[in-house]
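*Asks:* I'd like to ask some things about the structure below.
The values are calculated or read from the model by the stated rules, or taken from the named source; none is laboratory data. Nothing here was measured: the structure is a model prediction, and the numbers come from that model. Neighbour counts run over all protein chains shown; Cβ positions are idealised from the backbone, glycine included.
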Amino acid sequence: MKNNSLFCGYVLLFLLVTQAAFAADSTATIFAKAVQAQENSQYPKAIELYEQILGTETVSPALYNNLGLAYYNNKELGRAIVQFERALRLAPDLADAQHNLKAARQRVEGDYQGSEALFFIQWWNAIVASLSSRNWGLLFLVFIFSGVGTLVAWQWKQESLYKAVAIVLFSCSIFPLIWGFQKKGIEASPKTAIVINDQIGLRPRPDLSTEEIELIFEGVKVSILEEQNNWTHIELPNHLIGWVPSSMIEQI
């Protein structure tokens with residue numbers, strides 16, 4: 001009986017490993033076909049194949065970036081931006097996705113994007129993004145406890161060096177505290193989406209009979225405030241708020 005159970009276990013393990021290997025091989029094959037279609041300018045086919053891979057819950061920055069390029073070359077600007085944004089969420093330093101997103105955003109119509117941030121602000125934001133709010137909090141505690149320990153050592157030995165180090169540690173602890181609170185705010189920020197239609201009207205209420213208060217063009221990034229039936233309440237980068245049909249935007 002034990003031998004039969006052991007044999008069945010080996011068979012099951014073999015089947016699981018074989019299935020996983022087959023699935024991986026199948027995904028790699030589909031990806032290669034998608035790349036080939038993209039190189040041959042068969043963008044709709046490439047999009048279909050990339051989406052097929054995503055349907056298997058396989059995700060990667062390269063996959064999103066390639067899909068974004070396929071959409072971009074297929075003149076679907078909004079959907080391209082969605083994919084580049086998704087790639088950068090997984091890999092914020094992916095240079096190809098950064099370049100592609102910048103190129104796509106330059107084609108977005110309407111005065112929504114604002115001017116590019118100063119170098120210092122970009123540097124500051126990069127530091128904030130480098131750790132989670134929890135890790136910034138842990139780093140803050142490391143500085144605090146290290147400062148307390150150094151202060152105790154100064155009280156014990158009465159050497160000015162310990163006092164100076166304690167002051168530096170307590171001073172430095174301010175930065176992870178600030179960055180942690182800023183990252184916490186970012187993590188709690190509303191969901192974002194991209195307009196995928198050529199243009200849509202922003203309305204004061206979720207009703208097509210109401211007058212449009214703003215015309216929004218494809219590719220604009222918006223914040224999602226709430227969803228109601230088939231409508232979404234959004235905020236534009238210029239802080240204008242209104243409703244749009246949910247089918248005309250895609251969440252990042």
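*Asks:* In this structure, is Arg107 at pLDDT 80 or above and not in a helix (DSSP H, G or I)? Outline the logic, then answer.
*Replies:* Working: at pLDDT 80 or above: yes; not in a helix (DSSP H, G or I): yes.
Against the criterion (at pLDDT 80 or above and not in a helix (DSSP H, G or I)), Arg107 qualifies.
*Asks:* Could you grab the pairs with beta carbons closer than 6 Å, sequence gap of 6+ or different chains, first residue in region 35-46 and free of Cβ contacts under 8 Å to residues at least 12 places away in the same chain, second one surrounded by 11 or more Cβ atoms within 10 Å (Cβ to Cβ) and part of a helix (DSSP H, G or I)?
*Replies:* Matching pairs, first to second residue: Lys45/Ala37.
*Asks:* Could you pull out the residue among Glu250, Glu218, Glu235, Glu212 that is out of contact with any Gly (no Cβ under 6 Å at 6 or more places or on another chain), modelled with pLDDT of 90 or more and over 30 Å from Leu139 (Cα atoms)?
*Replies:* Working: Glu218 fails: out of contact with any Gly (no Cβ under 6 Å at 6 or more places or on another chain); Glu235 fails: modelled with pLDDT of 90 or more; Glu212 fails: out of contact with any Gly (no Cβ under 6 Å at 6 or more places or on another chain).
Sole residue among the options that is out of contact with any Gly (no Cβ under 6 Å at 6 or more places or on another chain), modelled with pLDDT of 90 or more and over 30 Å from Leu139 (Cα atoms): Glu250.
*Asks:* Among residues belonging to region 163-208 that are within 30 Å of Thr232 (Cα to Cα) and assigned to a helix (DSSP H, G or I), point out the one that is modelled with the lowest pLDDT.
*Replies:* Just the residues of region 163-208 that are within 30 Å of Thr232 (Cα to Cα), to begin with: 181-208.
When the remaining residues are screened for being assigned to a helix (DSSP H, G or I), the result is 181-187.
Values: Phe181: 89, Gln182: 83, Lys183: 81, Lys184: 82, Gly185: 74, Ile186: 67, Glu187: 70.
So, considering only residues that are within 30 Å of Thr232 (Cα to Cα) and assigned to a helix (DSSP H, G or I), the one modelled with the lowest pLDDT is Ile186.
*Asks:* Gln42 fails exactly one of the following numbered conditions: (1) modelled with pLDDT of 85 or more; (2) under 27 Å from the mean Cα position of the chain (by Cα). What is the number of that condition?
*Replies:* (2)
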